[in-house]
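Report on one structure; see the data block that follows.
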Amino acid sequence: MKRIALFVHNLTVEYSLTIAQGVASYFNQDKDVKLVLAQTNQPFYHPGLYGYQYWTSAELLKTEDIDLIMIVTSAYQTFISPEELIDFLRPFTKKPIVSIASDLPFDNIHYTFCDCEKAYDQVIDHLIKKHGCKNIGFLSAAATSSKEGSSRLNAFKKALKNHKLEYNPDNEIEAFFIREAAFNITLNKYKSKKDVKVDAFVAANDLMAEGCMKALQSLGLKVPKDVKIIGFDDTVRASFTSPSLSTINQNIAAQGYAAAEVAHKILLGEKVPRKTSIFAEPVYRQSCGCVKTNNTAFTCFNQEGNPVENHNINSRTIEEYTESSKDIVAIYSLIDTFYTNHTLQELFNSLTEITSQMKFESMAVVLYEKPLYFKKSDPIIIPDKAFLRVYIEKNQQIIPYDEKGIETNPHKQLIPESIKSTLRGTFIVHPIFSGEKQYGYLIVKPSNLKFQMHHVYLKLIINAIANAYDFTQALTKNEILSTKNEKLLKSNQELNFQNSIDELTQVLNRRGFMDKAEKELKRAAKAGQSGMVFFADMDGLKKINDTYGHRVGDLAIQTEARVLSDAFRTTDIVGRLSGDEFAILSTGITKNYISTIRSRIEQLNLIYSQEAGLPLTLSLSLGNVSFTPGKANLDTLLSKADQKLYKEKELKHASRQ
């Protein structure tokens, strides 16, 4: 039986969820394949407290008994640079890779691609001939690392040219595929409805279209009377916005299904082309004016003007709603079950009933010899030993609770070879973690493709296992002494943390930065690595303080610290040296990456200044210098970076004159 791993960045995002469901729908019981689905986020994942722990799923799927890798590439490209994505995937390139929605620079790669050129051409034709539009703007995500963002902007430009309309850069809004960014940047660009000269906006995804639509409505414009809006994706939300969103259906589930078919053919030894294309199709609703806003029947039309079925509203909707209600009841029941402290034996003995409630056909619980601790900045390293402690299949305990467990090496096999199963189809691998502590992993086979709900169930069960593990350990120790030691350790950690953190900005202070950066430079020198040191300085802080007061000045400094922290990678070291002066050390990046950083800083200044309620948009000057293993003196590097910063300041001053 062949095994395929499917990497998904985040299953709470409708696009990724739909792709995963499309893939899983192909690998049903009649295929001799096990599909192992993993929500991974990314290494050192910044949002949230412990989301970075999900990258363990990717590390687990480096196991030798995986035959092929599938990845929803476009979702990762929204969050990380192409260089980072290539680095993350390089360890997997010994096996065939099927990329969904984007090509990758490896030899053994096949990929699916949504051809959107025809659809954008049809949309422009529709707006001109059907609705008389002449000045059409675009909501872009080309500034992200996503190739989809660039290809959609290029397709839009080509469509304008085909219809003899001139592309106007001033009508483009860069919104990063994010609803909130589209909303804020639209309002920053247009201060009143008189400023809006476009008669239509076309977007690179539905989220941006929705954000822009809400912003224009808040200015007093009416959609579609004053401005037409057309999105891209045809997500479920598109049918429920007000007005309902005209969009381009890129057949997301079909892309997943097609990618699965390609993967299966590769495993069967068949020859397949490197690229498989899926074609997008326009879907017209209320936001372009094709359906009246008082029409509540979820009507939509195709390019020919014929009514088509709304795939988001169909005969299954009521059934799915009913099933969702059953899921909620099951969650309440499970919360009650997990509310009481259990030992591992008590919890595992009740897993058969719990697995049935969760609608899992099988569940394997694998624990490490002892818990591992991973901070956000740590690489996740899986041990060579793990132990299957319980295995349930079809409501039967095939392996009942075993305190020692059956040993396996996760680098070779996630489940011991002695465990035989005839189950095919889709499986989910999920790390068992609580905070920074990681205990092992679960492998489950869901009975349906409602992956969002399954991840809620899995979150409940991993929390229960983590609590039961700790409770069991506590029963064998002197609980009072353990508590005192933990409190003392936590107090010392907090004291050390506070001494190195800048109180105003919550980034490293001068002492903390110098200490951490010097250690990193020594480590990089030993490893033969190079990188960059940056010196950053806010433009016009004195004027801000003189004009608006020091309270606004402090808020500006805080906002600039947030901008720098989010513009650079989570592995980079950011510190406030004094006043509005910041320093950053970035190992592994080259000068080619600087333009990307500057672009991120510029865009984040725009967004975060708006969010902070500042009376102006912040800007900063940036000086940079490279370091190598032989030239890694921190004081010298900071001095040279400061000199370059000063030259940039002089150029800015001269340009104003």
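The values are calculated or read from the model by the stated rules, or taken from the named source; none is laboratory data. This structure is a prediction, so every number in the text was calculated from the model and none was measured. Backbone-built Cβ (ideal geometry, glycine too); neighbour counts: all protein chains shown. All accessible areas refer to the heavy atoms of the entire protein, side chains included, with ligands and DNA or RNA removed. Shrake-Rupley method; radii C 1.70, N 1.55, O 1.52, S 1.80 Å.
Per-residue packing, averaged as other Cβ atoms within 10 Å, sorts the ranges 154-161, 547-554 into the order 154-161, 547-554, beginning with the highest.
Looking at the chain only, what percent of DSSP beta bridges run antiparallel? Nearest 5 please. Don't skip to the end; give the middle numbers.
Values: 56 of 95 bridges.
Of the beta bridges lying entirely in the chain, close to 60 percent run antiparallel.
Listed by chain and number, the lysines placed with their C-alpha closer than 25 angstrom to that of Lys370 are Lys62, Lys385, Lys404, Lys412, Lys437, Lys459, Lys477, Lys484, Lys487, Lys490; residues fewer than eight positions away on the same chain are left out. For semi-axes √(5λ) of the Cα gyration tensor in Å, computed directly from the structure shown, the correct entry in (i) 40, 28, 24; (ii) 48, 29, 21; (iii) 41, 37, 24 is (iii). State, to one decimal in nm, how far the label point of Asn162 lies from the label point of Lys130, with both points 7 Å from Cα in the Cβ direction. Using points 7 Å along Cα→Cβ, the separation is 1.5 nm. A simple spin-label model places the labels of Asn499 and Lys370 2.7 nm from each other, with each point 7 Å out along Cα-to-Cβ.
Once the other residues with Cβ under 15 Å from the Cβ of Tyr646 are scored (Lys, Arg +1; Asp, Glu -1), what is the net sum? If you can, show how the numbers build up before the last one.
Numbers: positive: Lys640, Lys644, Lys647, Lys649, Lys652; negative: Asp537, Asp539, Asp580, Glu581, Asp642, Glu648, Glu650.
Summing Lys and Arg as +1 and Asp and Glu as -1 gives -2.
Distances between placed amide hydrogens fall under 5 Å for Glu172 paired with Phe138, all partners being 5 or more residues away or on another chain.
The peptide list 421-427, 579-585, put in order of mean Cβ contacts within 10 Å with the highest first, becomes 579-585, 421-427. The portion of the accessible surface of the range 87-242 made up by carbon and sulfur, rounded to a whole percent, is 50 (1.4 Å probe; DNA, RNA and ligands excluded). Here the sum of -39500 (n - 2.57) over DSSP H runs of 4 or more residues, divided by the residues of the chain, equals -13000 deg cm²/dmol at 222 nm, to the nearest 500.
For the range 509-524, the Karplus equation 6.51 cos²θ - 1.76 cosθ + 1.60, evaluated at θ = phi - 60°, returns couplings of 7, 4, 4, x, 5, 4, 5, 5, 5, 5, 5, 5, 5, 5, 5, 5 Hz by residue, with Gly and Pro reported as x. Put simply, the amide H of Lys275, placed in the peptide plane, has neighbours under 5 Å in Tyr111, leaving out anything fewer than 5 places away on its chain. From largest to smallest, the equivalent ellipsoid semi-axes obtained for the range 146-206 from the alpha-carbon gyration tensor read 20, 17, 8 Å. When you filter the GluC sites (Glu not before Pro) in the range 336-417 for DSSP loop state and at most 15 other Cβ atoms inside 10 Å of their Cβ, you are left with Glu403, Glu417.
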